[in-house]
1. Kindly check whether there is at least one residue in the range 315-330 that is within 30 Å of Tyr251 (Cα to Cα) and within 29 Å of the chain's Cα centre (by Cα).
2. For the range 335-358, what are the residues that are in a loop (DSSP other than H, G, I, E, B) and either of a type in the set (D, E, K, R) or under 25 Å from the mean Cα position of the chain (by Cα) (or both)?
3. Only one of Ile322, Ile363, Ile330 is surrounded by 22 or more Cβ atoms within 10 Å (Cβ to Cβ) and β-branched (Val, Ile, Thr). Can you tell me which?
4. Restricting to the range 20-64, and then to whatever is more than 24 Å from the chain's Cα centre (by Cα) and among the basic types (Lys, Arg), can you tell me which residue is surrounded by the most Cβ atoms within 10 Å (Cβ to Cβ)?
5. Give me the pairs, please: first residue somewhere in the range 298-324 and in the same structural domain as Asp241 (by TED's automatic domain parsing), second residue anywhere and charged (D, E, K, R), beta-carbon distance under 6 Å, and either six or more positions apart or on two chains.
6. For the range 39-68, give me each residue that is within 28 Å of Gln123 (Cα to Cα) and of a type outside the set (D, E, K, R).
7. How many residues are small (Gly, Ala, Ser), modelled with pLDDT under 85 and within 17 Å of the chain's Cα centre (by Cα) if we restrict to the range 110-168?
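The values are calculated or read from the model by the stated rules, or taken from the named source; none is laboratory data. Computed from a prediction, not measured in an experiment: that's the story for all the values here. Using ideal geometry, Cβ is built from the backbone for each residue, glycine included, and neighbour counts are taken over all protein chains shown.
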Amino acid sequence: MSVISFVPIRSGSKSIKDKNIKLFYGKPLIYWVLSSLQNAYQIDKIVVALDSQKYASIVNDFGFSKVEIFHRDTANSTDTSLTIDVVLEYMANARLKDEDIFMIAQATSPLTTSNDFDSAVKQFVYSAKDSMLSCVKIKRFFWNTDGTPVNYDYKNRPRRQDFDGSMYMENGAFYISRVSSVITEKNFISGGIEVYVMSENTALELDEPPDWKIGEILMSERENVTKSIKTEIKLFLSDVDGVLTDAGMYYSEKGDELKKFCTYDGMGFKILQEKGIKVGIITGEDRELNRARARKLKLDFDFHGETNKLETVTKICSEAGISLSEVAYIGDDINDFELLSNVGLAACPANAVQKIKNIPDIIHLEKSGGEGAVREFAEIIMNCL
């Protein structure tokens, strides 16, 4: 089984002339998605379907070893051409296996990372679903044209941070299916559909001139975060309550204590381990719930009931022969302050207290605790490896 990524571009863009090769943050737009795909270890081959020798020369000049050019038919290169028709044209001319995984990746989504592609492929395989699409989680209040609310009660309008009626919006970054499904259904998504959730800023697609300006600002922020990682990260640690959970405690009628963990965070630990980074949790609480979660995740370290986190991590570093500058830590409350102020890379979820958010150079994540904040931090690190 192979994983093929298919990137369709053409030279006749009307809204932005030569959009796909126009410089975006210093490089042709098409470079960014190809670079992420090239560095994604789950991707075996990248097919760029284009209609211009000029575009082909630019793509070849990148020197990406996984890339091959497919010259699409003229009939599939017009303003009204459908991407599915280009895909079917390619499949009719390529030697593919029915079980091969086929991904459509869009050049107009340059903020998609290598880790997004890798994690999505693994999630797709693990899900055993027929297809997958990328989405972003939107915390907004939606209405119908007839004046009725879609996802909330306007008479009891919640605070945005407490709002639980979030919706998932297709962001167009990529679609995944099996070759056999695409050929049979003549569609990228069919059957049982899995959703891969990306960071909220990837909702932007570069289709109009204003999108371009916003996109370059977002790319600049991402690249600046990347440059802020001055040393190799060898140890990744996380707090539990308020980071791996939403900081809430739930009780059953029998008095059992419950917590809600996010499965995306579990995958965040796993992808770091696969890159050789040790991972663990360190928490001031000493509860069996946390210990059970640590065992489930097969972490390298788990420390419970710690009253001095900095002292504990300093000891870990000494025993492992590494420095605090090679440690990444995510925390949300004042008992994390000292450790966050001394590690090489610090981050906090969106729900962190203000004192933590005020730590110099700390990374402010978009996700709140229990919503994938650890996964988001892990992806930032992965994109810098």
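1. The answer is yes; a qualifying residue exists.
2. Val343, Gly344, Pro349, Ala350, Asn351, Ala352, Val353
3. Ile330
4. Lys22
5. If the second residue must be charged (D, E, K, R), the pairs left are Asp300/Lys278; His304/Asp286; Gly305/Asp286; Leu310/Glu338; Thr312/Glu306; Ile322/Lys234.
6. Answer for the range 39-68, where residues must be within 28 Å of Gln123 (Cα to Cα) and of a type outside the set (D, E, K, R): Asn39, Ala40, Tyr41, Gln42, Ile43, Ile46, Val47, Val48, Ala49, Phe64, Ser65, Val67.
7. 0
A quick yes/no check of all residues on (1) within 17 Å of Ile183 (Cα to Cα); (2) surrounded by fewer than 16 Cβ atoms within 10 Å (Cβ to Cβ); (3) of a type outside the set (D, E, K, R); (4) out of contact with any His (no Cβ under 9 Å at 6 or more places or on another chain):
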site: Ser81; (1), (2), (3), (4): no, no, yes, yes
site: Ile84; (1), (2), (3), (4): yes, no, yes, yes
site: Leu88; (1), (2), (3), (4): yes, yes, yes, yes
site: Gln106; (1), (2), (3), (4): no, no, yes, yes
site: Thr112; (1), (2), (3), (4): no, no, yes, yes
site: Phe117; (1), (2), (3), (4): no, no, yes, yes
site: Gln123; (1), (2), (3), (4): no, no, yes, yes
site: Lys129; (1), (2), (3), (4): yes, no, no, yes
